[in-house]
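One structure is given here, and the rest of the page talks about it.
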Amino acid sequence: MSKIEFFALGGLDERGKDCYVLTINGDIYIINCGIITPPSVSLGVKKIIPDFSWVNQNKRAIKGIFIGTPSYDHFGSLEFFHEFIPNVPIFVSNIGATILNTYFQKRAHRHNLQSLRLNLKIVEPLKTERIGAAIVTPFKISNPMPRSLGFIFNTPEGAIIYIDDFIISSNRNMLFEDEIMEINRFTNHKNLLLIVGAGLVGRSKGFTNPNHRIAAYFENIMIDSPGRLLVACYDHDVYKVLGLVSAAANKSRPVNVYSTTFIELFKLLNTNNYLGNKKLLMLSDDKLDESDNAVIVITGTTQRLFPKLAKIIADDDPKLHVKSTDTFIFAENTIPGFETFEADLFDNVARTNVEHIYKLPKEIVPISASNEDHKFLIETLKPKYVVPVGGLYMDFVEYQRAVIQTGIHKQSILLLENGQCISFNNGTLEPKTKFINLEQQYIGTQGVLDVGASSMFERDQMKDGGVVLLSILYSKEEKIIKKFNYDAVGVINITDDNRSIVNVIIEECNKTISSLLATAAEKNAFDMKEIKTNIRKIVDKQFEKKFNKKPLVLTTIIFVKGSNKTK
């Protein structure tokens with residue numbers, strides 16, 4: 001008899017921040033510790049991570065963190081998780097362990113931090129072990145990251161199967177082979193719940209394979225472009241980068257991977273002969289501008305690649321400078337929400353007068369699950385229930401439309417929100433779901449910022465309308481304002497005309513606020529929260545009327561005696 005629960009701390013109705021919680025008889029299994037990095041630092045927010053409050057409250061029951069696809073958007077919040085709960089076992093592949101260690105060592109060195117000592121547990125595919133209440137079996141899946149894994153959590157009532165993004169592939173390359181057809185051997189076809197990444201569902205109708213293959217595309221461009229190739233890729237797209245490197249080796253072109261994090265993974269793969277190409281010529285960073293025909297791979301996270309490219313194109317990069325004889329290739333498909341960034345990128349590249357500009361054609365799709373891949377998976381595993389994850393709600397609706405063609409009942413496809421918890425008792429789905437209260441966690445330069453929408457609203461208001469700082473000295477005995485100082489920052493351009501208008505505004509505010517405080521003094525009822533709210537409304541109204549601006553108003557009130565001494 002098993003009590004099973006599943007909910008998401010992130011990754012539902014959003015792309016990024018994937019973090020899922022599976023509980024089996026009270027034991028907690030965390031799948032991914034994802035992160036979102038905004039394309040630009042806005043309102044002081046550098047990163048957005050899951051809310052780990054629930055996890056922290058139940059930390060004694062945690063049996064491990066499982067990282068199936070070792071990409072930054074799946075493990076980026078580990079350092080913040082580690083602050084709450086250190087030394088939790090992290091189950092990952094051998095290549096995944098190298099990626100995690102390299103990333104956090106470099107981060108510690110760059111920011112003069114103490115190295116983050118991760119409790120990494122390297123797992124072998126198809127090797128079963130008991131972890132708490134579940135019997136866990138990792139298996140290989142084929143996606144953009146080498147040696148990615150899915151996980152089977154076996155219980156007496158059936159298996160819970162977790163799969164990140166995947167494709168159905170016959171690829172025998174040891175880095176990208178999959179073992180999906182082995183799953184039923186370990187579950188005896190008793191599959192209770194499939195949790196699976198939405199991938200390209202709704203955007204790519206057939207199977208992904210062979211439409212993801214990329215090497216021939218790069219080779220054809222090299223034939224027509226004798227100069228350097230500047231190729232931009234997301235750094236989780238290792239499959240694509242290796243296809244580019246293979247094409248460069250076949251054309252005897254030197255290669256440079258221009259990335260401080262990706263290069264370590266690349267070196268590991270090359271050192272261990274995973275690349276399998278002895279003709280590969282590597283070019284160091286200090287030789288970039290000397291080469292006339294190098295293939296330079298520029299990588300970055302999904303959100304950070306565009307700022308990195310903007311810096312290079314603006315000639316602000318210390319080592320890489322664009323030449324007119326270069327060919328630029330943006331080797332990625334358009335991601336919804338990033339269309340504006342792409343448009344700005346191509347416009348700026350065109351201004352550099354590079355010889356050729358290419359955008360990856362739609363016919364070449366990412367190594368990510370298409371409609372037929374998902375349908376094949378459902379037909380193979382025949383799970384009792386399915387939860388699509390890692391996408392927007394519209395992606396989950398498309399997933400539902402696609403897989404019901406396999407015969408699975410629509411009611412068996414569970415479309416959830418972050419924090420919405422489903423429960424199984426003895427293999428039976430409970431009719432009602434409960435909700436775990438979650439708030440966004442914002443990370444700034446100084447660490448975790450205020451939580452929740454109100455603080456972000458205030459930051460947004462300050463960005464658009466500026467800020468008015470008020471300092472008030474008030475005497476309760478005399479019922480008068482002894483001193484009234486103000487400072488308006490970023491609200492308007494201070495010209496002589498504007499200054500006189502602001503002085504009138506402040507005089508009006510002084511009178512109204514004085515009356516407000518006198519009323520409170522008479523009643524001897526100083527509710528500071530209510531008073532500051534009313535002051536904010538008074539100041540907002542005046543600035544909006546005169547300048548059509550609604551600044552953030554920050555008020556400090558100090559109560560003094562008649563002698564101006566504070567109490």
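The values are calculated or read from the model by the stated rules, or taken from the named source; none is laboratory data. Just so it is clear, the structure is predicted and the values come from calculations on it, not from any experiment. Every residue, glycine as well, gets a Cβ built from its backbone with ideal geometry; the counts of neighbours run over all protein chains shown. Surface areas here come from the heavy atoms of the whole protein model, side chains and all, with no ligands, DNA or RNA. Shrake-Rupley method; radii C 1.70, N 1.55, O 1.52, S 1.80 Å.
What does the highest-first list of 124-134, 365-375 look like by mean Cβ count within 10 Å?
So the peptides 124-134, 365-375, ranked by packing, come out 365-375, 124-134.
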Applying the gyration tensor rule to the Cα atoms of the stretch 97-221 (axes a ≥ b ≥ c; rounded if a/c under 1.5, else prolate if a/b exceeds b/c, else oblate), the class is oblate
The answer for the stretch 128-273, accessible area per residue at 1.4 Å probe in Å², is 34 Å²
If one compares the long axis through the Cα atoms of helix 339-350 with the longest principal axis of the Cα atoms of the chain, the angle in degrees, nearest 10, works out at 80 degrees
Under the 7 Å Cα-to-Cβ spin-label approximation, Phe346 and Asp292 lie apart by a distance in nanometres of 3.1 nm
Filtered hits (lysines, Cα-Cα < 25 Å from Lys382, offset >= 8 within chain) -> Lys3, Lys127, Lys140, Lys190, Lys205, Lys410, Lys432
Descending packing, highest mean Cβ count within 10 Å first, for 196-204, 509-517, 250-258 is 196-204, 250-258, 509-517
Excluding ligands, DNA and RNA, the carbon-plus-sulfur percentage of the accessible area of the chain with a 1.4 Å probe reads 48 percent
Heads up, the stretch 210-340 by the C-alpha gyration tensor (a ≥ b ≥ c square roots of eigenvalues; a/c under 1.5 rounded, else a/b over b/c prolate, else oblate) looks rounded
Place a point 7 Å from the Cα of Ser324 in the direction of its beta carbon; the residues of the stretch 347-369 whose amide N falls under 17 Å from it are 349-357
Heads up, the stretch 76-151 by the C-alpha gyration tensor (a ≥ b ≥ c square roots of eigenvalues; a/c under 1.5 rounded, else a/b over b/c prolate, else oblate) looks oblate
Taking the alpha-carbon centre of each part, the distance from the stretch 326-357 to the stretch 92-164 in Å is 35 Å
Pairs over 31 Å Cα to Cα, from Lys308/Lys545; Lys59/Lys434; Lys479/Lys537; Lys106/Lys240; Lys59/Lys532; Lys17/Lys323, come to Lys308/Lys545; Lys59/Lys532; Lys17/Lys323
Computed about the Cα centre, the charge dipole of the stretch 44-191 from +1 Lys/Arg and -1 Asp/Glu charges at the Cβ has a magnitude in debye, to the nearest 20, of 480 debye
With the charge dipole of the stretch 159-240 built from beta-carbon charges (+1 for Lys and Arg, -1 for Asp and Glu) about the Cα centre, the Cα from Ile214, Tyr162, Val201 projecting farthest to the positive end belongs to Val201
Length gained, Phe338-Ile501, 0.36 nm per residue minus C-alpha separation, equals 54.5 nm
Helix 496-523 sits off the longest principal axis of the Cα atoms of the chain, rounded to the nearest 10 on a 0 to 90 degree scale, by 80 degrees
Residue span Lys482 to Lys190: 0.36 nm per residue of separation minus Cα-Cα distance leaves a gain in nm of 97.4 nm
Over the stretch 1-94, the quotient of the Cα radius of gyration and 2.2 N^0.38 Å is 1.10
Packing-ranked peptide list from 319-329, 16-26, highest mean Cβ count within 10 angstrom first, is 16-26, 319-329
Share (percent) of C-alpha pair distances in the chain greater than 41 Å works out to 37 percent
So for R0 = 41 Å, FRET eff. of Glu522-Ser53 from the Cβ-Cβ r, to 0.05, ends up at 0.40
